[in-house]
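Note sheet for the following structure.
The values are calculated or read from the model by the stated rules, or taken from the named source; none is laboratory data. Remember, predicted model here, so these are calculated numbers, not experimental data. Reconstructed Cβ throughout: ideal geometry from the backbone, glycine too, with neighbour counts over all protein chains shown. Surface accessibility is based on the protein's heavy atoms, side chains included, excluding ligands, DNA and RNA. Shrake-Rupley method; radii C 1.70, N 1.55, O 1.52, S 1.80 Å.
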Amino acid sequence: SFIAVVGVMAAWYLVPKFLETPSYEVAEKDGNIEVRIYDGMLLQSVKVSGSQYQSLRKGFRPLVNYISAKGRDGEKISMTAPVMQSLGEKEDEWIVSFSMPSKYNKKNLPEPNNKTIYTETLEPIMTAVIRFAGKTDKNSLLIKEKEKVLMEWLKYRDFKIISKAKYLFYNDPSTPGFLRRNEVMFIISKTS
């Protein structure tokens, strides 16, 4: 029935709202672009290679096993949003990361049993972010297009890009494209 469908869609739409996300303040807003100040993040990351889409899937699995305490000691860690993907140093190399819930720090974070998983700490950072909906599966054209728009926007402001692009995905793959929240992010600094 129509009501059931609407109910399911509402649940899908609400899922990310129940997940903890890294906290930030919005310093500037211009349509779907924001300058955000993040409080800092503790990430568990894994390096993978392949296309943007393949790498996201490849990196997701070991991280899910890690948080669900498969093959390691300690408690389960609750899922957070977004899943982050950044370009690595080499061509076709990607870093896929989950941010850890705020109750964790480097000392109390369970040890991964998978040697490919490593911990990264991001100090408080200033970022420029563009938000958009749509399916990004197998088609990173949409991501690339938004990345260009964000770079253009930054060109005419007093900011310098100091990181490679990071792609942020807030919904699970079964979420319809128009309800998805995706973002492209750069770490930036003030030039003046």
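Quick look at the values:
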item: Matching option when the condition is farther than 26 Å from V26 by Cα, open to solvent by 90 Å² or more (accessible area, probe 1.4 Å) and touching a residue at least 12 places away in the same chain (Cβ under 8 Å), among E111, E123; result: E111
item: Scan of region 82-103 for residues that are open to solvent by less than 20 Å² (accessible area, probe 1.4 Å) and over 13 Å from L63 (Cβ atoms), ordered by number; result: S86, G88, P101
item: Subset of region 37-68 [in a loop (DSSP other than H, G, I, E, B) and either of a type in the set (D, E, K, R) or within 14 Å of V83 (Cα to Cα) (or both)]; result: D39
item: From the options I37, I33, residue that is open to solvent by 50 Å² or more (accessible area, probe 1.4 Å) and modelled with pLDDT of 95 or more; result: I37
item: Complete set of residues in region 141-192 that are closer than 25 Å to P124 by Cβ, out of contact with any strand residue (DSSP E or B) (no Cβ under 8 Å at 6 or more places or on another chain) and hydroxyl-bearing (S, T, Y); result: S192
item: Residues that are hydroxyl-bearing (S, T, Y) and open to solvent by 20 Å² or more (accessible area, probe 1.4 Å), drawn from region 46-60; result: S49, S51, Y53
item: Residues of region 90-141 satisfying the condition of being over 16 Å from the mean Cα position of the chain (by Cα), more than 22 Å from S23 (Cβ to Cβ) and of a type in the set (A, V, I, L, M, F, W, C); result: I117, L141
item: Single residue of K144, K106, K164 found to be part of a helix (DSSP H, G or I), open to solvent by 50 Å² or more (accessible area, probe 1.4 Å) and at pLDDT 90 or above; result: K144
item: Subset of region 82-97 [over 12 Å from K164 (Cα atoms) and of a type in the set (A, V, I, L, M, F, W, C)]; result: V83, M84, V96
